[in-house]
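Undergrad: Just dropping this structure here.
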Amino acid sequence: MHEHLAFIGGGNMACAMISGLQAQGFSVSQIDVVEPFAEARERLKTDFGIAANTVAGDFLARATIVIWAVKPQSFKEATQPVQAFTANALHLSVAAGIPSDSIAAWLGNERIIRTMPNTPALIGKGITGLFARPAVTPADRQHAERIVKGMGQYLWLEQEGLLDAVTALSGSGPAYMFYFMEAMTAAGAEMGLTREQAYQLAVATFIGAGELARASHEPPEILRQRVTSKGGTTYAAITSMDNSHIKDLFAQALHAAHQRAREMGVEFGNA
């Protein structure tokens, strides 16, 4: 572990990565962070012992890997003070939608890996999709895997365009789960439970169902059918949702997220 890492942006996703890296044995001396916001810098100091820099500088020249944890709309501007110091580094992006062609043009560097993690990465339970440009070496891929595995699972994609689908499915996916938890909590309260009881039941149900699906070799259709006795309570709920075309509407929502990921690439990724 002789890499020296530089994070451009020190928000939640950067913190999730740093936490995973420190758990693997990376030291504070191996990590630089550029973070303009004082509150985020204070968190980095308190939680990880990292004294973040407010602006880019020549200290970035020691970075072997640069992780771009900035918002898509800020990416292009953020590269301008950085690119002069990082021509020889491997670059990892966690920004949704920004195509690697644009990142390579802004940085003058072809060793680009795009990643799409999700927020459960904050507790080491996320999943990250990765795509590497042709100039990325097998050793570069291993370095990227070491960085993201502290956040949970990961999978490589051979087509960059599929990252938009990953964004729609797992990148935005936690919000869908929370959305359904909201509905279950509200319905439980309407049925007489306290909101705390209803929320506890909803969260435990999502966790348990997810673990059951992961442990099973059967598809979700079969798992669903096994708890859906004809004429029973689950059957009544599923029938109601089918009659309201919930599955179709949910699929439409994911397609909307997919389309927005593509639009962001055009909107914020113009080189």
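Throughout, read-outs are computed from the coordinates displayed, never taken from laboratory work. On a predicted model such as this, the values are computed, not experimentally measured, just so you know. All Cβ positions, even for glycine, are placed from backbone atoms using ideal geometry, and neighbour counts span all protein chains on display.
Undergrad: Hey, of [x] 21.2, 69; [y] 19.0, 67; [z] 17.5, 52, which did the structure itself give for Rg and Dmax of the Cα atoms in Å when calculated?
TA: From the options [x] 21.2, 69; [y] 19.0, 67; [z] 17.5, 52, the structure gives [x].
Undergrad: Under 5 Å between amide hydrogens, which residues at least 5 positions from Leu90 or on another chain qualify, with H placed 1.01 Å from N in the peptide plane?
TA: Here the answer is Ile65, Val66, since their amide H atoms fall under 5 Å of that of Leu90.
Undergrad: A further question follows. Counting pairs of alpha carbon atoms under 8 Å apart in space and at least six apart in sequence, what relative contact order in percent does the chain give?
TA: For the chain, the relative contact order is 17 percent.
Undergrad: For the range 111-157, max minus min Cα coordinate along each principal axis, in Å, sorted largest first?
TA: Projected onto its principal axes, the Cα set of the range 111-157 covers 32, 15, 13 Å.
Undergrad: Okay, moving on. Using 0.36 nm per residue of separation minus the Cα-Cα distance, give me the extension gain between Val28 and Asn88 in nm, one decimal.
TA: 19.4 nm
Undergrad: Once the cut-off is 17 Å, how many percent of the Cα-Cα pairs in the range 118-257 end up in the long-distance tail?
TA: Considering the range 118-257, 73 percent of its Cα-Cα pairs are separated by more than 17 Å.
Undergrad: Same structure again: From zero up to wherever the largest Cα-Cα distance of the range 66-184 sits, split into 5 Å bins and tell me the percent of pairs in each.
TA: For the range 66-184, the pair-distance distribution reads 2, 11, 22, 23, 19, 13, 5, 3, 2, 1, 0.
Undergrad: Residue separation times 0.36 nm, minus the C-alpha to C-alpha distance between Gln153 and Met241: what's the value?
TA: 28.5 nm
Undergrad: Among Ile246, Ile127, Ile222, which one moves the most in a GNM of the chain with springs linking Cα atoms closer than 10 Å?
TA: Ile222
Undergrad: For Glu218, what is the net charge nearby, where nearby means another residue's Cβ is under 15 Å from its Cβ and Lys, Arg count +1, Asp, Glu -1? Intermediate results must be reported in sequence, preceding the final value.
TA: Values: positive: Arg214, Arg224, Arg226; negative: Glu211, Glu221.
With Lys, Arg at +1 and Asp, Glu at -1, the net is +1.
Undergrad: Here are some pairs, Lys76/Lys247; Lys45/Lys149; Lys71/Lys247; which of them have Cα atoms lying more than 26 Å apart in this structure?
TA: Flagged as over cut-off: Lys76/Lys247; Lys71/Lys247.
Undergrad: Sticking with this structure for a sec: Considering the chain as a Gaussian network with a 10 Å cut-off on Cα pairs, which listed residue, Thr167, Thr64, Thr205, attains the greatest mean-square fluctuation?
TA: Thr205
Undergrad: When the helix-only estimate is applied to the chain (DSSP H runs of n ≥ 4, each -39,500 (n - 2.57), divided by the residue count), what is the mean residue ellipticity at 222 nm, nearest 500 deg cm²/dmol?
TA: Computed ellipticity for the chain at 222 nm equals -15500 deg cm²/dmol.
Undergrad: Label points 7 Å out from Cα along the Cβ direction at Ala251 and Ala183: separation in nm?
TA: 1.7
Undergrad: Can you give the local net charge around Ser19? Use residues other than it whose beta-carbon is closer than 15 angstrom to its beta-carbon, Lys and Arg +1, Asp and Glu -1.
TA: +4
Undergrad: Now, a different point. Where both residues lie in the chain, what percent of DSSP beta bridges are antiparallel, nearest 5?
TA: Close to 15 percent.
Undergrad: On to the next question. Quote to one decimal, in nm, the extra length available between Ala135 and Asp101 on full extension: 0.36 nm per residue of separation minus the C-alpha distance between them.
TA: Result for the pair: 11.0 nm of gain on full extension.
Undergrad: Considering Cα pairs under 8 angstrom that are at least six residues apart, work out the relative contact order of the range 5-160 and quote it in whole percent.
TA: 22
Undergrad: Further, regarding this structure: Using the beta-carbon distance between Arg226 and Tyr176 and R0 = 22 Å, what value does 1/(1 + (r/R0)^6) give for FRET efficiency, to the nearest 0.05?
TA: That gives a FRET efficiency of 0.45.
Undergrad: I would also like to ask the following. Using a simple spin-label model with points 7 Å from Cα along the Cα→Cβ vector, what separation in nm is obtained for Asp58 and Gln259?
TA: For the pair Asp58/Gln259, the computed spacing is 5.1 nm.
Undergrad: Count charges around Lys247 for me, please; just the other residues with Cβ under 14 Å from its Cβ, Lys/Arg as +1, Asp/Glu as -1.
TA: Within the 14 Å Cβ shell, the charges total -2.
Undergrad: Moving to a separate point now. So what is Rg over Rh here for the range 193-261, counting just Cα atoms and using Kirkwood for Rh?
TA: My calculation of the ratio gives 1.03.
Undergrad: Also, quick follow-up: When the chain is treated as a GNM, springs tying every alpha-carbon pair under 10 Å, which of Arg111, Arg260, Arg214 comes out with the largest mean-square fluctuation?
TA: Arg214
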